[in-house]
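Comments concern the structure below.
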Amino acid sequence: MRFLRFIALLVLLLAIVLVWRSTSYQGFAGEVFVDIPHGTSTGEVADLLAKAGVVRTRWDFLAARVLKSEQVLQAGEYRFARPASPFEVYDRIARGDIFYVELVVTEGRNIFDIAAAAEQLGLFPAAQFLAAARNPALIGNLDPQAPTLEGYLFPDTYRLGRHTTPDLLCRIMTGKFREAWRSLSTNADVHNTVTMASLVEKESKLAEDRPRIAAVFENRLRIGMKLDCDPTTIYAALLLDRHPGEPLKIYRSDLESESLYNTYRHTGLPPGPIANPGLASIRAVLNPAGSRALYFVLRPDGSGGHTFSNNIAEHEAATEKYRRGLRR
């Protein structure tokens, strides 16, 4: 009988302990971050959590560890913003439910866009990213002519920790570009291809237009005709920090700029990419349409598609049709 009473008492005490350990706790105000480096022992994790006020004592977390010993704790930074029991805390760390922010970089964004987005997420000041992106060293062995990392910060969704630096982000993004470039299995010149692809990316809204726009640029380059590409002129103004509040508006002074990025003044490609193109635009440059067109202008139907012309007379007629459509 005494033995049975002892067992019953143990069961009761265990139940009381479990209820106590399952109680939610919050010993911090607002939110708190706990960074668990690789190689941290369970005891050290318990100390970090107790110090941050995530659990009452280290023993609360260690008790959860005893009952969930089959799970492995994951390194990383964790954000806590509400009361949680030791079991909930343990489960989160075992799942690797680490904190991150998502930086979404769509096709055609440039270094200025990426810098602004990173700053808005609270990662770091835009100026710090621009300083890192203006150093082409990370891509130097692939494109020795690259003036900056523009064009090689591959469009994607990036999950980043709070301690991500501009240099690390540039390394991650250029690494993504290298993977994408290898997937193309091409021997094409990377500098000219990516520079051209950046123009195609900025000019095209519809997928079917990309190979045709690439063909127009190829045809113009072949005969020594200026590209007359609006986005290059806009980029030249951005590099000079002109009109930052209205980046899509072109002034007469921009068209007259002597910047090598101004393709209304200079023949050939600009010195480097003006944005970061996606694979579709790169493929369009590698496989342009079989077309003799030298001109294109937006259609007035609002689709974002273009009318392509082989000569200036056709182009002027298409341009006038577009203007009439705008006046309606």
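Summary of values
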quantity: Test: Arg109 is closer than 22 Å to Tyr158 by Cβ and of a type in the set (Lys, Arg); calculated: yes
quantity: Members of the stretch 88-145 found to be among the hydrophobic types (A, V, I, L, M, F, W, C), within 30 Å of Ala64 (Cα to Cα) and touching a residue at least 60 places away in the same chain (Cβ under 8 Å), listed by number; calculated: Ile98, Phe99, Val101
quantity: Unmet criterion (only one of (1) surrounded by fewer than 16 Cβ atoms within 10 Å (Cβ to Cβ); (2) over 31 Å from the mean Cα position of the chain (by Cα); (3) within 17 Å of Arg222 (Cα to Cα)) for Gly268; calculated: (2)
quantity: Number of positions in the stretch 163-188 that are among the hydroxyl-bearing types (Ser, Thr, Tyr), touching a residue at least 60 places away in the same chain (Cβ under 8 Å) and part of a loop (DSSP other than H, G, I, E, B); calculated: 1
quantity: Matching residues in the stretch 262-318 - criterion: being of a type in the set (Lys, Arg) and in contact with a Lys or Arg (Cβ under 9 Å, 6 or more places away or on another chain); calculated: Arg265, Arg283, Arg299
quantity: Condition check for Leu255: closer than 24 Å to Ile312 by Cα, modelled with pLDDT under 90 and either surrounded by fewer than 19 Cβ atoms within 10 Å (Cβ to Cβ) or small (Gly, Ala, Ser) (or both); calculated: yes
quantity: Any hit, the stretch 117-133, residues being surrounded by 15 or more Cβ atoms within 10 Å (Cβ to Cβ), in contact with a Lys or Arg (Cβ under 9 Å, 6 or more places away or on another chain), among the hydrophobic types (A, V, I, L, M, F, W, C) and within 30 Å of Glu31 (Cα to Cα); calculated: yes
quantity: Count of residues meeting criterion [farther than 19 Å from Pro273 by Cα, at pLDDT 95 or above and either of a type in the set (Asp, Glu) or loosely packed, with under 15 Cβ neighbours inside 10 Å (or both)] in the stretch 160-181; calculated: 3
quantity: Test result for Leu240, under 30 Å from Phe308 (Cβ atoms), surrounded by fewer than 22 Cβ atoms within 10 Å (Cβ to Cβ) and not charged (D, E, K, R); calculated: no
quantity: Helices (runs of 4 or more DSSP H) within the stretch 47-162 that include 1 or more residues touching a helix residue (DSSP H, G or I) at 6+ places or on another chain (Cβ under 6 Å) and of a type in the set (Asp, Glu); calculated: 58-67, 111-120
quantity: The one condition in (1) surrounded by fewer than 20 Cβ atoms within 10 Å (Cβ to Cβ); (2) touching a residue at least 60 places away in the same chain (Cβ under 8 Å); (3) under 21 Å from Leu239 (Cα atoms); (4) of a type in the set (D, E, K, R) that Glu150 fails to fulfil; calculated: (1)
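The values are calculated or read from the model by the stated rules, or taken from the named source; none is laboratory data. Quantities reported herein were computed from a predicted structural model and do not represent experimental measurements. Backbone-built Cβ (ideal geometry, glycine too); neighbour counts: all protein chains shown.
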